[in-house]
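Step one of this worksheet: look at the structure below.
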């Protein structure tokens, strides 16, 4: 096995987000990557527990996952979720979990560069905007891989008012997605407005939580503003444009 | 031929000289007490040792953040303002230290060519210092940056610094005009003023000692108030940046490791590892709050703050700082709602020019909330279901791989089987 695909809770369970998991596994299939998933043995990485303050639950989940991964002699991991990515990259090593981890945007970028994943000849496509997930961009410095993939496919990117290091949160992180009490305005509405203000056709992103938040806010803004912006994950876009060699 | 050297205490009577030394002594004592007062409070925190090995690698970060001021520079206008004032301040401070070495410690430094260059450098940086201060005062007076709070005190600090800078030039100008020094052009500003001062009684040799003493007194007032005001960041910001930089916001430091603990310790860890009161923070966390200048960059970037939620990262920092002296329950001055509103996006930490880790502070206190079972019902249910079903949605753990059914996706249910199958296929 070349790499373990860590699916994460969001893309495993959420009906809408499962399309990210399907798209990415199809991409790996097309590029003949020898991969596997942990299936039901995979547990939440504990990101949300740790950030909500439940350190013990986080550590129990982390230890269980590290044990499972070691039992299966996993060396290399690819994730579709930037939160899972961040945990493996930055927080699991303190608990003995040293794995080589890649986010799927970097992974796809490498597959294309190595010629393993064949993309169609570059042609002019629509104008899009890219929303940097906090845990991929600002917190782990990955700004270029997702943008490069889109550009290699021929998309033109217009940046939002806040992007890269200054990217504005979608509102889902740190357990905020599960706080039901509504205080103030919704954060994703602000970001949705920024996205619509670019005039682009689509908001691209590379985090399941961001996709959910952006789709929700842009969906309702489309209603009030009469616009027609779509939200898509980069894995979905790449999968739609590639075929098996 | 006239020797080129600094004539310290020109025209100053022994009474004035004595007064200066007395003021200096008082100012230094007040400063030291003020420093000790905060130092003692930091020490109440959980002790976190200085990791000297890290300090070496922190040096480049220190250069970027404290010297090149990369983060301050992101706001261009402020970048100029702050670099002018800070570089000016540091150079003028070094200049003053050199005078003390030259005169008080009788080590002749300010002589000959070195003295001429010294005069020129100080004159130039003094101008930058004053321009920076004027810029800062205009920015505040005209409310050009809404993130700044209206503070009379802030304007007063700037005015104090401005008066000290201008006073220095006035006494230099009078000295040059009275002494007719041949090398005066090396102090271009002082020289220019000396020409203007000719024939004005208020800028004559007779009034010189008054100017001189007022300059000294203002400078000593500045020294004395540093550890009691936000000017303390002159010291605490570089300290925090060097010893506790935030290089990556995505990493939460492990407060403890359950695996390395006995059952008893696990029970104790619950008591000490979340922050419930001030002394539960680490000493470096407490020091970091003293580096805050209330610039508001964090608030201006915070998604919770921008969407009208009860969280303002600056308030979190200043409330910890201002309540440090009485070791009370954190919840008596920071509400659970504030802490629960954070998305941990890291925009505040990224924006902070003095390397405060707001997320780290907030998460420490969130751990405290969980210990005290201060949590909203929905969030608690979510954590309980997460523990039972190992996923954030609380759906059955055995449904996790259902999405992959029928898609021919290899599942590592037993590693040996998978790798064996692959070997067979390969063969």
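The values are calculated or read from the model by the stated rules, or taken from the named source; none is laboratory data. Computed from a prediction, not measured in an experiment: that's the story for all the values here. Heads up, the Cβs are rebuilt from the backbone with ideal geometry, glycines too, and the neighbour counts pull from every protein chain shown.
Which residue is farthest from the other protein chains (Cβ to nearest Cβ), if the candidates are limited to region A:31-42 and must be part of a helix (DSSP H, G or I) and over 20 Å from the mean Cα position of the chain (by Cα)?
A:41
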*Has region B:404-427 got any residue that is under 19 Å from residue B:282 (Cα atoms), at pLDDT below 95 and more than 7 Å from every other protein chain (Cβ to nearest Cβ)?*
no
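Surrounded by fewer than 20 Cβ atoms within 10 Å (Cβ to Cβ), part of a loop (DSSP other than H, G, I, E, B) and under 41 Å from the mean Cα position of the chain (by Cα): is that true of residue B:384 in this structure?
On the way: surrounded by fewer than 20 Cβ atoms within 10 Å (Cβ to Cβ): yes; part of a loop (DSSP other than H, G, I, E, B): no; under 41 Å from the mean Cα position of the chain (by Cα): yes.
When the stated conditions are applied, residue B:384 does not pass them.
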_I'm trying to understand the selection: among the residues of region A:179-202, which are under 19 Å from residue B:345 (Cα atoms) and under 19 Å from the mean Cα position of the chain (by Cα)?_
A:187, A:188, A:191, A:192, A:195
*For residue B:316, indicate whether it is under 29 Å from residue A:44 (Cβ atoms), touching a residue at least 40 places away in the same chain (Cβ under 8 Å), away from every other protein chain (no Cβ under 11 Å) and in a helix (DSSP H, G or I).*
yes
_Among (1) within 23 Å of residue A:105 (Cα to Cα); (2) touching a helix residue (DSSP H, G or I) at 6+ places or on another chain (Cβ under 6 Å); (3) part of a helix (DSSP H, G or I); (4) more than 7 Å from every other protein chain (Cβ to nearest Cβ) - the single one residue A:45 does not satisfy_ = (3)
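Residue A:143: closer than 15 Å to residue A:82 by Cβ, at pLDDT 95 or above and buried (at least 16 other Cβ atoms within 10 Å of the Cβ), yes or no?
Values: closer than 15 Å to residue A:82 by Cβ: yes; at pLDDT 95 or above: yes; buried (at least 16 other Cβ atoms within 10 Å of the Cβ): yes.
Criteria met by residue A:143.
Out of the residues in region A:197-217 meeting the condition of being part of a helix (DSSP H, G or I) and closer than 24 Å to residue A:145 by Cβ, tell me which one is farthest from the other protein chains (Cβ to nearest Cβ). Talk me through it step by step, then tell me what you get.
Narrowing region A:197-217 to residues part of a helix (DSSP H, G or I): A:197, A:208-217.
Imposing the further condition that a residue be closer than 24 Å to residue A:145 by Cβ reduces the set to A:208-215.
Working: A:208: 11, A:209: 10, A:210: 11, A:211: 15, A:212: 12, A:213: 10, A:214: 14, A:215: 17 Å.
Once the filter is applied, the top-ranked residue is A:215.
Conditions (1) more than 8 Å from chain A (Cβ to nearest Cβ); (2) outside any helix (DSSP H, G or I), marked per residue:
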| residue | (1), (2) |
| --- | --- |
| B:236 | yes, no |
| B:298 | yes, no |
| B:304 | no, no |
| B:311 | yes, yes |
*Quickly run through region A:132-168 and pick out the residues that are in contact with a strand residue (DSSP E or B) (Cβ under 8 Å, 6 or more places away or on another chain) and not in a loop (DSSP other than H, G, I, E, B).*
A:145, A:146, A:147, A:150, A:151, A:156, A:157
*Top-ranked residue of region B:100-144 - restricted to ones that are assigned to a loop (DSSP other than H, G, I, E, B) and in contact with a helix residue (DSSP H, G or I) (Cβ under 6 Å, 6 or more places away or on another chain), ranked as farthest from residue B:161 (Cα to Cα)*: B:107
*Output the number of the condition that residue B:205 fails; it satisfies all remaining conditions of (1) touching a helix residue (DSSP H, G or I) at 6+ places or on another chain (Cβ under 6 Å); (2) part of a helix (DSSP H, G or I); (3) in contact (Cβ under 8 Å) with a residue 60 or more places away in the chain.*
(2)
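From the list A:179, A:159, A:194, which one is surrounded by 15 or more Cβ atoms within 10 Å (Cβ to Cβ) and within 10 Å of chain B (Cβ to nearest Cβ)? It would help to see each step written out before you state the result.
Values: A:159 fails: within 10 Å of chain B (Cβ to nearest Cβ); A:194 fails: within 10 Å of chain B (Cβ to nearest Cβ).
Within the list A:179, A:159, A:194, the selection yields A:179.
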*asked:* Being more than 9 Å from chain A (Cβ to nearest Cβ) and in contact with a helix residue (DSSP H, G or I) (Cβ under 7 Å, 6 or more places away or on another chain) is the filter here; which residues of region B:365-388 pass it?
replied: B:374
*Can you work out which of the residues in region A:88-102 that are closer than 19 Å to residue A:174 by Cα and more than 9 Å from every other protein chain (Cβ to nearest Cβ) is surrounded by the most Cβ atoms within 10 Å (Cβ to Cβ)?*
A:88
*asked:* If a residue must be within 23 Å of residue A:188 (Cβ to Cβ) and crowded, with 22+ Cβ neighbours inside 10 Å, how many such residues does region B:351-378 contain?
replied: 6
*Just a yes or no: is a residue in region A:218-228 more than 12 Å from chain B (Cβ to nearest Cβ) and within 20 Å of the chain's Cα centre (by Cα)?*
yes
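I'm trying to understand the selection: among the residues of region A:48-81, which are in contact (Cβ under 8 Å) with a residue 40 or more places away in the chain and more than 9 Å from chain B (Cβ to nearest Cβ)?
Taking region A:48-81 as the starting set, the residues that turn out to be in contact (Cβ under 8 Å) with a residue 40 or more places away in the chain are A:48, A:50-52, A:69, A:72, A:74, A:76-81.
The answer is A:69, A:76, A:77, A:78, A:79, A:80, A:81.
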*Which one of these is surrounded by fewer than 24 Cβ atoms within 10 Å (Cβ to Cβ) and within 30 Å of residue B:338 (Cβ to Cβ): A:69, A:61?*
A:61
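Could you list, in sequence order, all residues of region B:321-361 that are more than 14 Å from every other protein chain (Cβ to nearest Cβ), within 18 Å of residue B:276 (Cα to Cα) and under 15 Å from the mean Cα position of the chain (by Cα)? Before the answer, list the steps.
We begin by selecting, within region B:321-361, every residue more than 14 Å from every other protein chain (Cβ to nearest Cβ); these are B:321-329, B:332-333, B:354-356.
Then keep just the ones that are within 18 Å of residue B:276 (Cα to Cα); that gives B:321-329, B:332-333.
Of everything in region B:321-361, just one residue is more than 14 Å from every other protein chain (Cβ to nearest Cβ), within 18 Å of residue B:276 (Cα to Cα) and under 15 Å from the mean Cα position of the chain (by Cα), namely B:321.
Given the criteria more than 15 Å from the chain's Cα centre (by Cα), assigned by TED's automatic domain parsing to the domain that holds residue B:130 and either part of a helix (DSSP H, G or I) or buried (at least 16 other Cβ atoms within 10 Å of the Cβ) (or both), does residue B:62 qualify? Before you say what the answer is, go through the steps one by one.
Values: more than 15 Å from the chain's Cα centre (by Cα): no; assigned by TED's automatic domain parsing to the domain that holds residue B:130: yes; either part of a helix (DSSP H, G or I) or buried (at least 16 other Cβ atoms within 10 Å of the Cβ) (or both): yes.
So residue B:62 does not fit the description; no.
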